[in-house]
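Report on the following structure.
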Amino acid sequence: MQTTILLDDQLLMEAARYAPTNNSSEIIQLALREFIHQQRTINRSTKRPLGLDKGRFEVPDNFDLPDLEIETAFYGQ
């Protein structure tokens, strides 16, 4: 498919530094493939049905705790 899009030149130049090619079309295709892969991975591994953990943990009253303490309060040790 051929389409016309407006891109941020700086963003494309930075992407070209990391890409194995300098071809703009290939860089965009690579970025789209990576985005799709990440979304599929997130959907497969982290999304859970709403309410699945209902009643399994208590929400701490003190949300100023360090992340590790909050994680321990939610998931145990």
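Quick note: the coordinates plus some simple rules give every number you see, no bench work behind them. Because the structure is predicted, anything quoted here is derived from the model rather than measured. We place every Cβ from the backbone using ideal geometry, glycine too, and count neighbours over all the protein chains shown.
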- request: At 0.36 nm per residue, minus the direct Cα-Cα distance, what do A15 and H37 gain on full extension? Give it in nm, one decimal, please.
  value: 6.2 nm
query: Short version: ³J(HN,Hα) in whole Hz for each residue of the range 8-18, in order, from phi by Karplus 6.51 cos²θ - 1.76 cosθ + 1.60 (θ = phi - 60°), x for Gly and Pro, what are they?
result: 6, 4, 4, 5, 5, 5, 5, 4, 5, 5, 9
query: Spin-label point model (7 Å from Cα, Cβ direction): what's the L7 to L30 distance in nm?
result: 1.1
